[in-house]
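J.: I'd like to ask some things about the structure below.
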Amino acid sequence: MDIETAETRGKLRRPKSLTEMAADELRARILDGQFQLGMALSENALAAELGISKTPVREALLQLKLEGLVDIHPQRGSFVFQLAAEQVIAITELREILELAAVRLAMSRNRAALAAAAARCFETMCQSYQAGDIPGYRRQDRLLHDAIIESAGNEYIRAAYAGVSFRVQALRGRLTRERALNEASFHEHRRIVERIVAGDETAVRRLLGRHINNTKQTYLDLLAGLPPTPPGRGLTRPRKRRAK
């Protein structure tokens, strides 16, 4: 809910443009997994489906390209982004560097604010998890990690994280369809939040790093066509590969 202030009271809010609305809709479909990774995106088909002209669709696709969600190839067309195994590893490495640095800074600079935000996120996450509300669970998952980044109070970490956050969300959307993976994720988040509230930075960094790497391994398993194998209640365990 927007909070009205003396500064904003009386000002007219500009409605969203067709390009912004199209970008919002297409982004949501990618993040929710309605559009599969690597899927071709036809400007004509999307324009007809959304009931608008091709121009705002084309502009929306260009915006999503800047966000890392769409790849545009001359003479070939537009496609939902797709990651090879080495790219998943690279994104995870960057995510680990940024989130571990952010949580260290947040715990030293804004621990009370981070603890409050993390506790709120987890409370709602718990409600979503128990209700089987996957979109709601996924939203709180994102907000919890965003809270760590924001609480660091470092604009450069925030900007660097923004460069991969949409791709991370899209990949996360593929994992939250599996009940066992949601269960493992839920328990990992619970332990992370407990340690944040307790002020145990060492444990938070250890659990957060493990959580990020467990997620990476699950992505790699899916790319390899293996059934997702959740780690045991936040504990990393070896992954066995099937013989080809």
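The values are calculated or read from the model by the stated rules, or taken from the named source; none is laboratory data. The structure presented is a predicted model; accordingly, all values stated were derived computationally and were not measured. Cβ coordinates were reconstructed from backbone atoms using ideal geometry, including for glycine residues, and neighbour counts include every protein chain displayed.
J.: Looking at Gly77 and the list (1) within 26 Å of the chain's Cα centre (by Cα); (2) at pLDDT 90 or above; (3) on the phi < 0 side of the Ramachandran plot, which single condition is not satisfied?
T.: The single condition Gly77 does not satisfy is (3).
J.: Conditions first: (1) surrounded by 14 or more Cβ atoms within 10 Å (Cβ to Cβ); (2) not assigned by TED's automatic domain parsing to the domain that holds Asn213. Arg95 passes all but one, so which condition is the exception?
T.: All conditions are met except number (2).
J.: Next question. Take the residues of the range 1-45 that are of a type in the set (Lys, Arg) and within 30 Å of Phe79 (Cβ to Cβ): which is modelled with the lowest pLDDT?
T.: First, pick out the residues of the range 1-45 that are of a type in the set (Lys, Arg): 9, 11, 13-14, 16, 27, 29.
After this cut, where a residue has to be within 30 Å of Phe79 (Cβ to Cβ) as well, the list is 16, 27, 29.
Working: Lys16: 82, Arg27: 94, Arg29: 92.
Top of the filtered list is Lys16.
J.: Can you find a residue in the range 137-144 that is over 22 Å from Arg195 (Cα atoms) and either crowded, with 17+ Cβ neighbours inside 10 Å or without any contact (Cβ under 8 Å) to a residue 24 or more places away in the chain (or both)?
T.: Taking the range 137-144 as the starting set, the residues that turn out to be over 22 Å from Arg195 (Cα atoms) are none.
Within the range 137-144 (the criterion being over 22 Å from Arg195 (Cα atoms) and either crowded, with 17+ Cβ neighbours inside 10 Å or without any contact (Cβ under 8 Å) to a residue 24 or more places away in the chain (or both)), the answer is no, since none of the residues qualifies.
J.: Right, something else. Kindly indicate whether Gly163 is small (Gly, Ala, Ser), surrounded by fewer than 18 Cβ atoms within 10 Å (Cβ to Cβ) and within 27 Å of Ala90 (Cβ to Cβ).
T.: Yes: the conditions hold for Gly163.
J.: Filtering the range 158-199 down to residues that are without any contact (Cβ under 8 Å) to a residue 40 or more places away in the chain and more than 18 Å from Cys121 (Cβ to Cβ), which residue is farthest from the chain's Cα centre (by Cα)?
T.: At the first step, the residues of the range 158-199 found to be without any contact (Cβ under 8 Å) to a residue 40 or more places away in the chain are 158-159, 162, 165, 179, 194-195, 198.
Right, trim to more than 18 Å from Cys121 (Cβ to Cβ) and you get 159, 162, 179.
Details: Ala159: 15, Ala162: 10, Arg179: 18 Å.
Looking at residues that are without any contact (Cβ under 8 Å) to a residue 40 or more places away in the chain and more than 18 Å from Cys121 (Cβ to Cβ), I get Arg179.
J.: Here's a check for you: in the range 200-230, which residue that is outside any helix (DSSP H, G or I) and without any contact (Cβ under 8 Å) to a residue 12 or more places away in the chain is surrounded by the most Cβ atoms within 10 Å (Cβ to Cβ)? Steps first, answer last, please.
T.: Narrowing the range 200-230 to residues outside any helix (DSSP H, G or I): 200, 224-230.
Right, trim to without any contact (Cβ under 8 Å) to a residue 12 or more places away in the chain and you get 200, 225, 227, 229.
Details: Asp200: 14, Gly225: 8, Pro227: 9, Thr229: 17.
Only one residue tops the list, namely Thr229.
J.: Right, next: If you scan the range 166-180, which residues turn out to be out of contact with any Lys or Arg (no Cβ under 9 Å at 6 or more places or on another chain) and surrounded by fewer than 20 Cβ atoms within 10 Å (Cβ to Cβ)?
T.: Selection gives Arg174, Arg177, Glu178, Arg179, Ala180.
J.: Out of contact with any His (no Cβ under 8 Å at 6 or more places or on another chain) and either closer than 23 Å to Ala198 by Cα or surrounded by 15 or more Cβ atoms within 10 Å (Cβ to Cβ) (or both): which single residue out of Ala119, Ala84 fits that description? Working first, answer last.
T.: Values: Ala84 fails: either closer than 23 Å to Ala198 by Cα or surrounded by 15 or more Cβ atoms within 10 Å (Cβ to Cβ) (or both).
Only one candidate qualifies: Ala119.
J.: Between Thr92, Thr124, which is modelled with pLDDT of 95 or more and of a type in the set (Ser, Thr, Tyr)?
T.: When all the criteria are applied, what remains is Thr124.
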